[in-house]
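Visitor: Here it is: the structure, laid out below.
The values are calculated or read from the model by the stated rules, or taken from the named source; none is laboratory data. Predicted, not measured: the structure shown is a model, and the values here were computed from it. Virtual Cβ from ideal backbone geometry, glycine too; neighbours counted across all protein chains shown.
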Amino acid sequence: MATTFYDFKAKTLQGKELSMEEFKGKTILVVNTASQCGLTPQYEGLEKLYEKYKDKGLVILGFPCNQFGNQEPGDEKSISEGCVLNYGVTFPMFAKVDVNGGTAHPIFKYLKGKLGGILGSRIKWNFTKFLIDDKGRPVKRFSPITKPDAIDAYLSKKLG
């Protein structure tokens, strides 16, 4: 039974299993993403945040999900190409996961358990964001419509 964020593993878009322990000591923003969503342009803002704060300890972890309006129908290769070609994404992206229901990835079960939303813990849409502090503690949940620029103000206080 995982007790901290660092106890989890996930497969990257390239199919390699990666332990969240790799990100120990970093501030982590976990995002469920989709490449055919009205909010998809948030990739650009997330990449800007990553570029601005990666040297100060921020890492963004993108988890594509096809549970909302079939907005992530592609395979890992097409997801990867879309992220890089359209938005220049350089932060780590993982294989497609479910974030709700019985098949939800354990990372999302854990995060939802720690940081419930306004209407319960269920994730409502793509681009829900979870902030984990440098000790591995989930500290804040941002709604899908919270733009990355709004998170910047929060991060600037934490990471300077």
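Visitor: Go over the candidates THR103, THR33 one by one and state the one that is crowded, with 21+ Cβ neighbours inside 10 Å, over 18 Å from ASP152 (Cα atoms) and of a type in the set (Ser, Thr, Tyr).
Guide: Values: THR103 fails: crowded, with 21+ Cβ neighbours inside 10 Å.
On inspection, the qualifying residue turns out to be THR33.
Visitor: Kindly establish whether ILE145 is at pLDDT 90 or above, of a type in the set (Val, Ile, Thr) and surrounded by 15 or more Cβ atoms within 10 Å (Cβ to Cβ). I'd like the intermediate steps shown before the answer.
Guide: Details: at pLDDT 90 or above: yes; of a type in the set (Val, Ile, Thr): yes; surrounded by 15 or more Cβ atoms within 10 Å (Cβ to Cβ): no.
Against the criterion (at pLDDT 90 or above, of a type in the set (Val, Ile, Thr) and surrounded by 15 or more Cβ atoms within 10 Å (Cβ to Cβ)), ILE145 does not qualify.
Visitor: Let me ask something else about it. Check off (1) under 18 Å from LYS140 (Cβ atoms); (2) of a type in the set (Val, Ile, Thr); (3) in contact with a Phe, Trp or Tyr (Cβ under 7 Å, 6 or more places away or on another chain) for VAL97 and give me the number that stays unchecked.
Guide: The failed condition is (1).
Visitor: Select from region 44-53 the residues that are free of Cβ contacts under 8 Å to residues at least 60 places away in the same chain and more than 15 Å from the chain's Cα centre (by Cα) and list them in ascending order.
Guide: Matches in region 44-53: GLU51 only.
Visitor: Now a separate question. Just one of LYS54, LYS24, LYS77 is among the basic types (Lys, Arg) and out of contact with any Phe, Trp or Tyr (no Cβ under 9 Å at 6 or more places or on another chain); which is it? First the steps, then the outcome.
Guide: Details: LYS54 fails: out of contact with any Phe, Trp or Tyr (no Cβ under 9 Å at 6 or more places or on another chain); LYS24 fails: out of contact with any Phe, Trp or Tyr (no Cβ under 9 Å at 6 or more places or on another chain).
It is LYS77.
Visitor: Quick check, is LYS114 of a type outside the set (Asp, Glu), surrounded by fewer than 14 Cβ atoms within 10 Å (Cβ to Cβ) and either under 19 Å from THR27 (Cβ atoms) or touching a helix residue (DSSP H, G or I) at 6+ places or on another chain (Cβ under 6 Å) (or both)?
Guide: Details: of a type outside the set (Asp, Glu): yes; surrounded by fewer than 14 Cβ atoms within 10 Å (Cβ to Cβ): no; either under 19 Å from THR27 (Cβ atoms) or touching a helix residue (DSSP H, G or I) at 6+ places or on another chain (Cβ under 6 Å) (or both): yes.
No; evaluated as a whole, the condition is false for this residue.
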